[in-house]
Amino acid sequence: MTNEFGLQRNIPADVKRAVRQRCGFGCVLCAGAIFEYEHFNPPFARARRHDAAGITLLCPTCHAKKTRNLLSERRVREANAAPAALDKRYAYSDLEGTQAKPFVRLAGLLLRNCDMPLEIRGFPVLQIEAAEGAGSPYALSARFFFNARGVPSLFIRRNEWQVLADTWDVEVVGASVTIRDGPGNIALRLRFEPGEGLVVERMEMLCAGYRVSGNPDGLDIFPPGGGRHVFRGGISDNCKVGLSLN
Ligand SMILES: [Zn+2]
């Protein structure tokens, strides 16, 4: 589909990334991490090219308000100039809670029925808190996810995931969140399985001296004193702590 100037709807990937980086990976009005790209200056119908400076991020709710004229163009321009995620320092969305303890799959390693799927030197990297009352869901928290330089990029706080606005790139496609440290450099890829659990498909993390490297082949852990622990498949079921590095 094109506009009257023959401009395609599809925005090139590098332009999208520039818009995401400028907006802190969230809706400029509410910092929601699920968003759409909106040509606001000029509107798409009058755009002759995809200019990152004229495109902003709006979540589906804010976007619908804009389309229904419940939001002024002035308000969108103001928000674009001072994006909500930069103010909060993160963009966020929620996870569907689970009625049973959520599973966590760390590359090749499946952790089920664990209160603390991953702990590093007593630091609860991944934690599952009990339901607050009958019928209420479990809460998953991740004091995650440091990149390969030990810089945090993503947290989960009681089923709300937050991506830090100063990360190099965050891309949400379907139920997957991919965090990159630089071009072609994946620091983390998570896939949410709503109501069930969390899959860490890739990770390159440095935490308390431990380097944790996960990819489709499995999970490799390099302790600070040297050596290597290799996990190629495996299940840890029904224990307080799933994987403890000390
Ligand atoms: Zn919004």
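Assorted remarks:
- Gyration tensor verdict on the chain (Cα atoms; rounded if a/c is under 1.5, prolate if a/b is larger than b/c, oblate otherwise): prolate
- Helical content alone sets the calculated 222 nm signal of the chain at -3500 deg cm²/dmol, taking -39,500 (n - 2.57) per DSSP H segment of four or more residues and averaging over every residue.
- Projected label distance in nm at S136 and R75, using a 7 Å step from Cα toward the beta-carbon: 3.2 nm
- Charge sum, other residues only, whose C-beta stays under 11 Å from I179's C-beta, Lys/Arg counted +1 and Asp/Glu -1: -1
- Sparsely packed GluC sites (Glu not before Pro) within the range 1-80, loop by DSSP, other Cβ within 10 Å at most 14: E4
- 10 Å beta-carbon shell around E201, net charge (K/R +1, D/E -1): +4
- Förster-model FRET efficiency, 30 Å R0, D217 and E36, C-beta, rounded to 0.05: 0.30
- Surface share of carbon and sulfur [accessible, 1.4 angstrom probe, percent] for the chain: 48 percent
- Accessible surface for the range 175-219, divided over its residues, is 38 Å² per residue with a 1.4 Å probe.
- Dipole axis of the chain (+1 Lys, Arg; -1 Asp, Glu on Cβ), positive-most option in I156, A107, G133: I156
- FRET efficiency for A64 and R228, using Cβ-Cβ distance with R0 set to 41 Å, rounded to 0.05: 0.20
- Sparse-neighbour loop sites [trypsin sites (Lys or Arg not before Pro); the range 53-113; at most 12 other C-beta within 10 Å; DSSP]: R68, R89
- When the trypsin sites (Lys or Arg not before Pro) in the range 144-240 are filtered for DSSP coil states and for at most 12 other beta-carbon atoms within 10 Å of their beta-carbon, the remaining sites are R149, R228, R232, K240.
The values are calculated or read from the model by the stated rules, or taken from the named source; none is laboratory data. Small disclaimer: the values here were computed from a predicted structure and weren't measured. Heads up, the Cβs are rebuilt from the backbone with ideal geometry, glycines too, and the neighbour counts pull from every protein chain shown. The protein model used for the area step is the full one, side chains on, heavy atoms only, and it has no ligands, DNA or RNA in it. Shrake-Rupley method; radii C 1.70, N 1.55, O 1.52, S 1.80 Å.
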